[in-house]
Amino acid sequence: MNSPTTLLHQQLDGLKLPFLKAQYAELAQQAAQQSWTHVAYLSRLIDGQYQQRLQHTIRLRVKAARFPVLKTLEQFRWDWPKKINRLQVQNLFRLEFLAQKANVIFLGSVGTGKTHLATALGYAACLEGHSVLFATAIDVINHLSAAQQKSTLKSELKKYLRPQLLALDELGYLPIDQRGADLLFQVISQRYERGSIVLTTN
């Protein structure tokens, strides 16, 4: 017959509660030493498990977003170029445009930090629980062109329509033919009022 501890470990494994399994004994000791109430002890355990699961979910969301490099707003250089409206950019990071299904365009010459800001905005959205996909305009066109040739365009389009935020980088960086423009238009038009786009272009 299993001991109560063994049974508890099996049950916590079955419920997929690794934090509780790893920490319940140590926290019980702290609870006894510091005279926590039963509810305070339970609250600490549940909060620890919640935070662990939250971090795991964020990691999965960031991985699914396919950022080329992780960037944050804190890493952004505001001293170059000096024309950037700092308050306007910082306001975007409140992410209100996502609820409105509105779009954001970062327009500027090469080296002004457009991709950095688009990536940082996407990362901030991941942290707040939104699904994000980052892709260059050329990669989207190439991917959808290949899908069109295989007659799988409709299903492949869904990859760009599904996320709450699509970060579309480097539009106009390389010339696009009519076919590519048509494919890109399908993505943008079908996302209209369904999900937000962050676009970077020169």
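The values are calculated or read from the model by the stated rules, or taken from the named source; none is laboratory data. As the structure is a computational prediction, the values presented were derived from the model and not from experiment. FYI the Cβ positions are ideal-geometry reconstructions off the backbone, even for glycines, and counts take in every protein chain you see. Note: accessible area is taken over every heavy atom of the protein model, side chains too, but ligands, DNA and RNA are not part of it. Shrake-Rupley method; radii C 1.70, N 1.55, O 1.52, S 1.80 Å.
If you check D169, D182 for being within 19 Å of T72 (Cα to Cα), modelled with pLDDT of 95 or more and among the charged types (D, E, K, R), only one passes: D169. Every condition in (1) surrounded by fewer than 16 Cβ atoms within 10 Å (Cβ to Cβ); (2) part of a loop (DSSP other than H, G, I, E, B); (3) of a type outside the set (A, V, I, L, M, F, W, C) is met by R59 except one, and the failing one is (2).
Count, please, the residues in segment 128-152 that happen to be among the hydroxyl-bearing types (S, T, Y), farther than 18 Å from S196 by Cβ and open to solvent by 40 Å² or more (accessible area, probe 1.4 Å). The total comes to 2.
Being closer than 25 Å to L161 by Cβ, in contact with a strand residue (DSSP E or B) (Cβ under 7 Å, 6 or more places away or on another chain) and at pLDDT 95 or above: is that true of V104 here? Judged against the criteria, V104 is a match. Mind checking whether some residue in segment 159-171 is in a helix (DSSP H, G or I), open to solvent by 60 Å² or more (accessible area, probe 1.4 Å) and acidic (D, E)? Checked against the condition, which is being in a helix (DSSP H, G or I), open to solvent by 60 Å² or more (accessible area, probe 1.4 Å) and acidic (D, E), segment 159-171 yields no hits at all.
When the residues of segment 106-120 are narrowed to those that are more than 18 Å from the chain's Cα centre (by Cα) and of a type in the set (A, V, I, L, M), which ends up most open to solvent (accessible area, probe 1.4 Å)?
The first filter runs over segment 106-120 and keeps only residues more than 18 Å from the chain's Cα centre (by Cα), leaving 106-113.
Pick out the ones that are also of a type in the set (A, V, I, L, M) and you get 107, 110.
On the way: L107: 132, V110: 112 Å².
If we take residues in segment 106-120 being more than 18 Å from the chain's Cα centre (by Cα) and of a type in the set (A, V, I, L, M), then L107 is most open to solvent (accessible area, probe 1.4 Å).
Do we find that A125 is hydrophobic (A, V, I, L, M, F, W, C), closer than 25 Å to F76 by Cα and crowded, with 19+ Cβ neighbours inside 10 Å in this structure? It is true that A125 is hydrophobic (A, V, I, L, M, F, W, C), closer than 25 Å to F76 by Cα and crowded, with 19+ Cβ neighbours inside 10 Å.
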